[in-house]
Amino acid sequence: MNVDGCSFMLDAATKFWRGLHIAGWFHHPMERLRSVRIEDKLIVFQSADISLPHGGVAELGENKGFALHCILEDNIFPWDATLTFATDRGRTLACKLIGLINEERSNPTRALTQRFLDLIAQSKSSSILDVGGRQRSRIDRKTVFRDHEVIVVDILSGPNVDVVADAHSLSRHFAPETFEFVTSVSVFEHLAMPWKVAIELNAIMKTGGYALIHSHQTLGIHDAPWDFWRFSDQAWRSLFNASTGFEMVEVAMGHPEFILPFFWRPDKENAERAAGFEFSMALVRKIGSPTESWSADVSSFITNPYPESSDTNPLVDQLLI
């Protein structure tokens with residue numbers, strides 16, 4: 001954000017129970033940051049660090065970083081808070097915290113999603129398969145592709161589900177080379193054998209067709225016991241490659257998250273410096289038939305039904321009782 005010749009941006013604004021951590025950088029070519037404060041009725045204590053090293057804006061000069069450490073009166077994020085920056089020239093600048101949080105930033109996963117949507121838009125007649133697209137959390141991705149034929153397949157029935165099937169057996173339900181495009185959002189972490197699903201997708205996709213696969217690199221356990229995997233951006237290459245009949249077009253990760261242990265240990269002294277990514281995505285293209293196969297049947301060793309509840313992580317409540 002730019003205000004009166006000053007530039008500043010947040011890297012983090014996160015709440016942990018009643019603790020609030022805000023960090024970012026501040027720059028002016030002729031002035032230095034003297035102090036930063038947060039103003040809100042929910043803040044009962046705060047301390048600030050300024051002139052911190054910040055490698056992300058090193059080209060602007062040294063020690064442009066700042067951090068605020070706060071205690072909240074209640075377990076509520078202070079959406080109405082204001083950040084106040086004071087410079088060594090006596091100037092004061094104020095900005096709403098929510099404005100800095102919502103500021104436009106580089107988002108690799110959003111850009112990759114748009115690339116996929118552009119490919120669909122360029123296709124005159126697109127057949128799209130949404131794997132695991134059952135309407136949950138009031139999301140129905142059929143509405144994203146209004147001008148195209150969209151088939152939703154899911155392991156559970158639902159108001160927008162066209163075919164009830166396990167993704168591990170897609171070729172039993174759809175003819176070869178049926179779909180030009182495939183999308184799958186927050187599903188691959190719930191697949192017992194995602195490598196088998198990659199081969200199944202190949203069977204029902206048209207050669208030259210594209211698939212956008214979305215999952216997670218860092219996220220709490222959810223939909224247990226059907227929660228099996230997490231994927232880095234490089235992990236996708238082990239699933240979608242020449243052996244499974246694909247080429248990798250692009251991978252991306254986005255929405256960084258802190259990773260903290262429940263119990264501190266000496267080797268976790270700086271655990272807050274570790275980061276993961278909520279979203280991990282791959283855009284892949286079918287280039288031919290797979291050279292590998294996988295005949296194992298998931299139902300032979302996964303006997304629990306997929307949970308219908310959207311409870312994200314009951315494990316946390318169990319641990320904290």
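The values are calculated or read from the model by the stated rules, or taken from the named source; none is laboratory data. What you are looking at is a predicted structure, and each value in this text was computed from that prediction instead of being measured. A quick note on method: Cβ atoms are made from the backbone with ideal geometry, for glycine too, and the neighbour counts reach across all protein chains shown.
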Is it the case that segment 209-221 has a residue that's surrounded by fewer than 19 Cβ atoms within 10 Å (Cβ to Cβ) and either within 21 Å of Ala296 (Cβ to Cβ) or among the charged types (D, E, K, R) (or both)? no
Members of segment 158-195 found to be more than 24 Å from the chain's Cα centre (by Cα), assigned to a strand (DSSP E or B) and closer than 29 Å to Gln122 by Cα, listed by number: Val163, Phe179, Glu180
I need every pair where a residue in segment 270-298 that is over 26 Å from Gly55 (Cα atoms) has its Cβ under 8 Å from the Cβ of a residue that is of a type in the set (Lys, Arg) and surrounded by fewer than 17 Cβ atoms within 10 Å (Cβ to Cβ), sequence separation at least 6 or different chains. Leu283/Arg115; Lys286/Lys206
So which strands (runs of 3 or more DSSP E) are wholly in segment 17-129 and hold at least 3 residues that are under 24 Å from Pro256 (Cβ atoms) and without any contact (Cβ under 8 Å) to a residue 24 or more places away in the chain? 43-52
With the structure loaded, tell me whether Ser300 is of a type in the set (Ser, Thr, Tyr), over 15 Å from Leu201 (Cβ atoms) and under 22 Å from the mean Cα position of the chain (by Cα) or whether it fails that test. no
Scan of segment 158-173 for residues that are farther than 18 Å from Ser299 by Cα and buried (at least 19 other Cβ atoms within 10 Å of the Cβ), ordered by number: Val161
I'm told Arg105 meets every condition in (1) surrounded by fewer than 12 Cβ atoms within 10 Å (Cβ to Cβ); (2) within 29 Å of Pro307 (Cβ to Cβ) except one. Can you identify the failing condition by its number? (2)
Here the qualifying pairs (Cβ atoms under 9 Å; residues six or more apart or on different chains; first in segment 161-186 and more than 26 Å from Ser280 (Cβ to Cβ); second surrounded by 15 or more Cβ atoms within 10 Å (Cβ to Cβ) and of a type in the set (Ser, Thr, Tyr)) come out as Thr178/Ser127
Matching residues in segment 1-16 (more than 28 Å from the chain's Cα centre (by Cα) and part of a strand (DSSP E or B)) number 2
Could you please let me know if Lys206 is among the basic types (Lys, Arg), touching a helix residue (DSSP H, G or I) at 6+ places or on another chain (Cβ under 9 Å) and touching a residue at least 40 places away in the same chain (Cβ under 8 Å)? no
Could you list all residues from segment 130-157 that are on the phi < 0 side of the Ramachandran plot, surrounded by 15 or more Cβ atoms within 10 Å (Cβ to Cβ) and assigned to a loop (DSSP other than H, G, I, E, B)? Gly133, Arg134, Gln135, Asp140, His148, Ile155
Regarding segment 229-242, can at least one residue be identified that is closer than 25 Å to Leu201 by Cβ and in a strand (DSSP E or B)? no
For segment 59-97, enumerate the residues that are charged (D, E, K, R) and under 16 Å from Phe8 (Cα atoms). Glu59, Glu62, Lys64, Asp88, Arg91, Lys96
Of the listed residues (Gly209, Gly288), the one being in contact with a strand residue (DSSP E or B) (Cβ under 9 Å, 6 or more places away or on another chain), under 22 Å from Ala167 (Cβ atoms) and in a loop (DSSP other than H, G, I, E, B) is Gly288
Go over the candidates Glu272, Glu278 one by one and state the one that is within 23 Å of the chain's Cα centre (by Cα), part of a helix (DSSP H, G or I) and surrounded by 13 or more Cβ atoms within 10 Å (Cβ to Cβ). Glu272
(1) out of contact with any Asp or Glu (no Cβ under 7 Å at 6 or more places or on another chain); (2) modelled with pLDDT under 90: which one isn't true of Gly133, the others all being true? (1)
The one condition in (1) more than 25 Å from Pro305 (Cβ to Cβ); (2) surrounded by 17 or more Cβ atoms within 10 Å (Cβ to Cβ) that Met193 fails to fulfil: (1)
Name every residue in segment 213-261 that is of a type in the set (A, V, I, L, M, F, W, C), under 14 Å from the mean Cα position of the chain (by Cα) and closer than 18 Å to Leu283 by Cα, in order of residue number. Ile213, Phe231, Val251, Ala252, Met253
